[in-house]
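Worksheet: the structure to be examined is printed underneath.
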């Protein structure tokens, strides 16, 4: 029988994943979309933590998690730089502003 904390942890991960997807799909602000991406990354990280613990292979899980964290930092830095350029070009961080930047 599955322990209650495993089911609770899996439900939390699924909840985080759902919140991240909603933030990406339903928001029109680039900052909120970036926060949604970060929430999705945290859900993936927690999934690897839970799987590593359940399989008894925490070393491999920690290596994968470290790689995910490094990739997330690079993505955030690049996304923030792009957001600054979009804001300087359009004066807004609205997703619709990206459509006006064709050129």
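Any read-out appearing in this document is the output of simple, stated calculations on the displayed coordinates, not a laboratory observation. None of the values given here were measured: they were computed from a predicted structure.
Give the angle, between 0 and 90 degrees and rounded to the nearest 10, that separates the Cα long axis of helix 4-26 from the longest principal axis of the Cα atoms of the chain.
Roughly 10 degrees between the two axes.
From the P(r) of the chain, could you give the percentage of C-alpha pairs in the tail past 16 Å?
So the pairs more than 16 Å apart make up 65 percent of the total in the chain.
Using only Cα atoms, tell me the angle between helix 58-90 and the longest principal axis of the chain; keep it within 0 to 90° and round to the nearest 10.
Helix 58-90 and the main axis of the chain meet at about 10 degrees.
Can you give the extra length, in nm with one decimal, that the chain gains between residue 62 and residue 92 once fully stretched, where that is 0.36 nm per residue apart less the Cα-Cα distance?
Here the answer is 6.9 nm.
Using Cα atoms only, what is the angle between the long axis of helix 30-55 and the major principal axis of the chain, expressed in degrees (0 to 90) to the nearest 10?
10 degrees
Suppose the chain between residue 79 and residue 102 were pulled fully straight at 0.36 nm per residue; how much longer would it get relative to their current alpha carbon spacing?
6.4 nm
Below 8 Å, C-alpha to C-alpha, sequence gap of six or more: please give me the relative contact order for region 27-81 in percent.
Relative contact order here is 33 percent.
Can you give me the relative contact order of region 4-98 as a percent, contacts being Cα pairs under 8 Å and 6 or more apart?
The value is 26 percent.
Using only DSSP helix segments of four residues or longer, with each worth -39500 (n - 2.57), what per-residue ellipticity at 222 nm results for the chain after dividing by its residue count and rounding to 500?
For the chain, the value works out to -29500 deg cm²/dmol.
Test of understanding: what is the full-extension gain from residue 8 to residue 54, defined as 0.36 nm times their sequence separation minus their Cα-Cα distance?
That pair, residue 8 and residue 54, stretches by 15.2 nm at full extension.
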